[in-house]
Amino acid sequence: MSDEIDIDERDDQEERKTEVGGIAADRLRSFIERIERLEEEKKAITDDIKDVMSEAKGTGFDIKILRQILRLRKMEAHDREEQEELLDLYKRALDMV
């Protein structure tokens with residue numbers, strides 16, 4: 001019986017170690033570390049994109065236009081068409097065409 005009490009006491013102590021103010025510290029630490037790793041990966045990807053943009057610029061491509069093309073490619077076809085129609089309408093209204 002005393003072994004069971006010791007085990008229960010150890011379990012309670014372990015639980016208290018991982019909970020601070022009602023927060024599961026181990027779980028919180030796990031989330032924070034995962035987010036930190038993802039932030040590092042995101043920075044590496046951002047650096048890679050900058051390198052590719054620099055390479056494209058070096059070969060004569062206009063970076064502003066590349067970014068605009070990327071933004072348009074992310075859009076749904078019908079949204080893109082609607083935006084292009086509105087742009088054309090506004091340009092005609094301002095005698096820009």
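The values are calculated or read from the model by the stated rules, or taken from the named source; none is laboratory data. Note that the structure is predicted; figures quoted are calculated from it, not measured. All Cβ positions, even for glycine, are placed from backbone atoms using ideal geometry, and neighbour counts span all protein chains on display.
Within segment 40-77, being acidic (Asp, Glu) and assigned to a helix (DSSP H, G or I) holds for Glu40, Glu41, Asp47, Asp48, Asp51, Glu55. Any chance segment 11-23 includes a residue that's among the small types (Gly, Ala, Ser) and either at pLDDT below 75 or surrounded by 10 or more Cβ atoms within 10 Å (Cβ to Cβ) (or both)? Within segment 11-23, none of the residues are among the small types (Gly, Ala, Ser) and either at pLDDT below 75 or surrounded by 10 or more Cβ atoms within 10 Å (Cβ to Cβ) (or both).
Only one of the listed residues (Asp62, Asp48, Asp26, Asp79) is in contact with a Ser or Thr (Cβ under 9 Å, 6 or more places away or on another chain), of a type in the set (Asp, Glu) and at pLDDT 90 or above. That residue is Asp26.
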